[in-house]
Structures are given as C-alpha cells and as structure tokens.
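Quick one: this structure, given as structure tokens, is what I'll be asking you about.
The values are calculated or read from the model by the stated rules, or taken from the named source; none is laboratory data. Keep in mind that this is a model prediction, so the values were computed, not measured. We place every Cβ from the backbone using ideal geometry, glycine too, and count neighbours over all the protein chains shown. Please note that ligands, DNA and RNA were not included when accessible areas were found on the heavy atoms of the full protein model with its side chains. Shrake-Rupley method; radii C 1.70, N 1.55, O 1.52, S 1.80 Å.
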Amino acid sequence: MTNSTATGGADDSARTAYGAPPGTSHSAAHSTAQSTPHSTAITRIGSLLTNDPSLRTPDNPLGLLQDAAVVIEGDRVVWTGTSSKAPATDSHHDAGGRALLPGFVDSHAHLVFAGDRTAEFHARMSGRPYTAGGIRTTVAATRAASDAELSANVARYLAEALRQGTTTQETKSGYGLTTRDEARALRIAAGHTDEVTYLGAHVVAPEFADDPAAYVALVTGGMLDACAPHARWIDVFCERGAFDGDQARAVLTAGAARGLIPRVHANQLSHGPGVQLAVELDAASADHCTHLTDADVDALAGAPRTVATLLPGAEFSTRAVYPDARRLLDAGVTVALSTDCNPGSSFTSSMAFCVAVAVRDMGMTPDEAVVAATLGGARALRRTDIGAIVPGARADLHLLDAPSHVHLAYRPGVPLTAAVWQAGEKRV
Ligand SMILES: [Zn+2]
C-alpha cells in the first residue's frame with residue numbers, strides 16, 4: 001500500500017516544534033518520548049456530516065454542521081464545531097467549503113484471491129451461457145498463488161478503496177477451502193486489516209463434493225483450529241447449493257465457541273433460514289437480505305444487534321433484483337451498505353457506487369444511504385470508534401470535492417474524493 005505521509009494538506013501551515021516533519025508518519029512522530037500528539041484543524045468545511053448522536057434531531061438526522069471545523073490530535077477527533085471557533089493547532093487544512101463525512105466502513109468484502117473472472121462476467125452480460133468453474137476458478141487460482149501475490153492483491157484493493165474514501169475494510173477468506181489455504185488467507189488478511197472473517201464455509205471444497213458432511217466437520221474442526229487465531233469473525237454462505245440451515249448453525253456455533261463472532265451470508269439468492277439463524281445466534285450482521293419474508297423482517301427489527309447489510313454490487317453485477325431497503329428501514333431495521341468486493345459477483349471497491357445504487361433502486365434516501373455506508377458499517381462490525389465524527393472517535397475522515405454528501409448519489413460514477421484521513425494520518 002502506498003503511504004502518503006504528509007500530516008497536513010498542501011496548505012499546511014503553522015507547524016510547531018511538536019509537529020511531525022514532512023515525510024514522517026504519524027506513528028514515527030508519536031515515538032518521540034513525551035511529545036504531544038500532532039494536532040491538525042480542518043477548517044471551512046461547508047457541510048460536516050457528523051453522525052453525532054448528541055447533534056442528531058428529527059430535523060437534522062445526520063448531525064450536520066455548516067461552516068464547520070474538525071480538530072484531530074494524534075489518531076483521534078478531539079473537537080468539532082463552528083470553523084471560526086476552532087482552537088489553535090499545529091497544522092491546518094482549508095476545506096474550502098467542501099463536505100466532510102466519516103470514512104466509509106466497508107463491512108463485507110472478499111479480497112484474498114488471485115485470478116480473474118472477466119470471461120464469466122462478459123458471457124453473463126452478453127447473454128451467453130457460461131459453464132466454466134465460477135467460484136472454483138478463483139479457488140484454483142488462489143491456491144496456486146504465492147503468499148506475496150495474495151498479499152499484494154489485498155494491498156492493491158485496500159489502497160483502491162482508500163482512494164475512494166473507505167477507511168475501514170473487512171475481508172474474508174473463502175477461496176482456499178483447505179486448512180492450509182484458509183489459514184494462510186486469514187494470516188495474510190490480518191497483515192492488512194483488523195476486520196478478518198473466517199469463511200471456510202463459503203462453498204463445499206471440490207474435494208468434498210460427494211461428502212459435504214465431512215467438509216463441515218473439517219470447517220468446524222481442524223480448519224477452525226488453524227484459522228481461529230487469525231480472525232475476529234466467522235461467516236457461512238447459507239444458501240441452496242452451499243450450506244443449509246443445520247450446517248450453517250454447526251459452523252457458526254463452533255466458531256462462537258472459539259471466540260469468533262458470527263455473521264451470515266443470508267437470503268441472497270432465495271428465501272432460506274439464514275436471516276432467522278443470524279438473529280437466533282446474535283450475529284453481528286445478516287448480509288445480502290435480498291429475499292425476505294415478513295417474518296424475516298420482523299426478526300431483524302426485533303434484533304438491533306444484528307444489522308442487515310445490503311450489497312447492491314452483487315445484484316448489479318448479476319442483473320438480479322435488488323434488496324428492498326425501504327421495507328427494512330420502515331420496519332426499524334439497522335441497515336448497512338457494503339461492496340461485497342469479490343472477483344465473481346461484485347468486483348467493485350466503490351462505496352460511493354453502492355450509495356448511488358441504493359438511492360436509485362433500493363428506496364433509500366441520500367441521507368439514509370450515506371449513514372448506512374458509514375455508521376451502519378460500523379454497527380455491522382460492532383465498532384463504536386468509527387462511523388461518526390465525534391470527539392474521541394478515530395479520525396477517519398473523507399473530504400468530498402463537492403459541497404454536500406448528497407453528491408455521492410447525485411453524481412454517480414464521478415470520483416468525488418478530495419482527501420482522506422485514516423487514524424489521523426492524511427493518506428489521500
Ligand atoms: Zn460475500
């Protein structure tokens with residue numbers, strides 16, 4: 001990953017003796033004994049979207065502040081308020097009237113893979129049947145790749161996402177499907193992000209096609225032993241052709257017994273038990289939620305700790321029907337938006353694209369979609385330090401080259417990211 005190390009913008013000024021010299025990373029600046037964390041003020045923010053619960057009201061559901069400033073100290077936000085009242089800081093970035101919002105939190109992606117599925121996509125979008133291996137193509141390529149190749153791929157897609165405003169990125173295993181390959185995928189992912197998910201139960205490994213029960217025993221046994229130390233979450237693809245409700249329950253409960261928190265690929269392609277299972281097991285997230293019964297919606301509404309994570313890139317890239325976000329929101333369900341970035345069914349790392357599709361085709365307002373892509377993702381990862389710009393939060397900030405967050409949906413496909421701070425460090 002590239003590491004842009006300047007601690008302020010081009011208009012950085014008034015650096016003090018405590019400030020990091022140009023080209024020094026934040027952590028290096030911090031390593032000096034007794035140094036005060038470097039402070040930066042981002043001023044003249046035309047529209048600051050805070051998601052701050054103390055500022056959110058029925059008339060101002062996003063906690064918007066106009067003509068605002070944010071002060072960062074070290075890796076944290078320490079102050080928000082009116083620009084003219086910003087306290088003195090070591091350095092300064094003039095936002096020039098642009099909009100600032102929390103960095104996107106992409107809580108669902110599959111980035112540890114090798115190879116390419118262009119031919120499959122091309123055939124699907126050209127109305128031609130495609131009979132090659134689908135996910136098995138990616139499994140074979142991933143197994144054949146070196147650690148260095150896989151790590152470089154993860155770094156590439158994380159950097160790509162960061163350039164588009166994503167400051168927290170979850171990623172899963174699931175293209176190894178052997179104990180060795182799943183453990184190595186997680187080890188590699190953990191070198192790049194804290195949000196790592198064990199998905200040995202993505203599909204039944206080809207070697208076990210005639211004995212799926214033996215594969216579930218492996219996923220919940222020796223493979224879990226090898227994988228649990230590298231992961232925070234456990235996930236399962238609960239779907240016809242992948243794992244049924246009983247198998248999914250076995251996978252998730254085995255993971256939970258090892259300290260991994262469940263999340264579920266649920267109700268993507270058809271009605272099924274995934275959502276109910278996610279609620280029953282207090283999963284952090286039920287992901288996809290495309291085919292829901294009223295009972296599924298009621299179950300999610302009654303389980304605020306289980307977020308419905310919608311992944312419109314998957315429906316877009318497979319010409320499938322989108323999930324009905326409006327129905328979920330009207331029922332009071334907490335909704336997140338994520339990319340599902342993977343080479344087979346949703347090869348996008350753009351959260352802004354997901355926001356635009358959610359507004360255009362899923363019944364979300366621009367405000368709801370942006371909240372789902374920031375605070376919603378944080379809730380899906382059970383994180384309280386990200387997804388909002390409030391004192392004490394991690395300084396993950398996304399400056400748009402636009403006057404309002406509404407432009408994310410209003411100007412689809414346009415690169416609007418002007419600057420990104422990740423944990424207080426200006427990275428873009
Ligand atoms: Zn997925």
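Where the centroid of each part is defined by its Cα atoms, how far is the stretch 397-428 from the stretch 361-377 in Å?
Going from one Cα centre to the other spans 15 Å.
Can you give me the relative contact order of the chain as a percent, contacts being Cα pairs under 8 Å and 6 or more apart?
Value for the chain: 19 percent.
Would you mind listing how long the chain runs along its three principal axes, going by Cα atoms, in whole Å with the largest first?
Taking max minus min along each principal axis of the Cα atoms, the chain gives 68, 45, 44 Å.
Among the DSSP beta bridges whose two residues both lie in the chain, what percent are antiparallel, rounded to the nearest 5?
Taking every DSSP beta bridge with both residues in the chain, the antiparallel ones total about 45 percent.
Still on this structure: How much accessible area does Leu55 have with a 1.4 Å probe, in Å² rounded to the nearest 10?
Per-residue accessible area (Leu55): approximately 50 Å².
If you wrap a convex hull around the alpha carbons of the stretch 253-309, what volume per residue comes out, as a whole number of Å³?
With only Cα atoms used, the stretch 253-309 gives 65 Å³ per residue.
Moving on. With the full set of protein chains in place, find how many percent of the accessible area of the chain is carbon and sulfur; take the probe as 1.4 Å.
Ligands and nucleic acids excluded, carbon and sulfur give 54 percent.
Per-residue accessible area for Asp298 at 1.4 Å probe radius, Å² rounded to 10?
Surface accessible to solvent at Asp298 totals approximately 110 Å².
Tell me which GluC sites (Glu not before Pro) from the stretch 142-187 have a DSSP coil assignment and no more than 14 other beta carbons within 10 Å of their own.
Within the stretch 142-187, no GluC sites (Glu not before Pro) qualify (loop, at most 14 other Cβ atoms within 10 Å).
How many Å² of accessible area per residue for the chain, probe 1.4 Å?
38 Å²
How far is it, in nm, from the label point at Ala217 to the one at Ser126 when both lie 7 Å from their Cα along the line to the Cβ?
So the two model labels end up 4.5 nm from each other.
Same structure, new question: May I ask for the angle, rounded to the nearest 10°, between helix 135-144 and the longest principal axis of the chain, with both axes built from Cα atoms and the value confined to 0 to 90°?
So the inclination is approximately 70 degrees.
State which stretch of the chain is the longest one without any exposed trypsin sites (Lys or Arg not before Pro), exposure meaning a DSSP loop state and at most 11 other Cβ atoms within 10 Å.
In short, 1-239.
With each run of n ≥ 4 DSSP H residues scored as -39500 (n - 2.57), what mean residue ellipticity at 222 nm is computed for the chain after dividing by its residue count and rounding to the nearest 500 deg cm²/dmol?
So the calculated ellipticity at 222 nm is -8500 deg cm²/dmol.
What is the magnitude of the charge dipole of the chain about its Cα centre, with +1 placed on the Cβ of each Lys and Arg, -1 on the Cβ of each Asp and Glu, and no other charges, expressed in debye to the nearest 20?
The calculation lands at about 560 debye.
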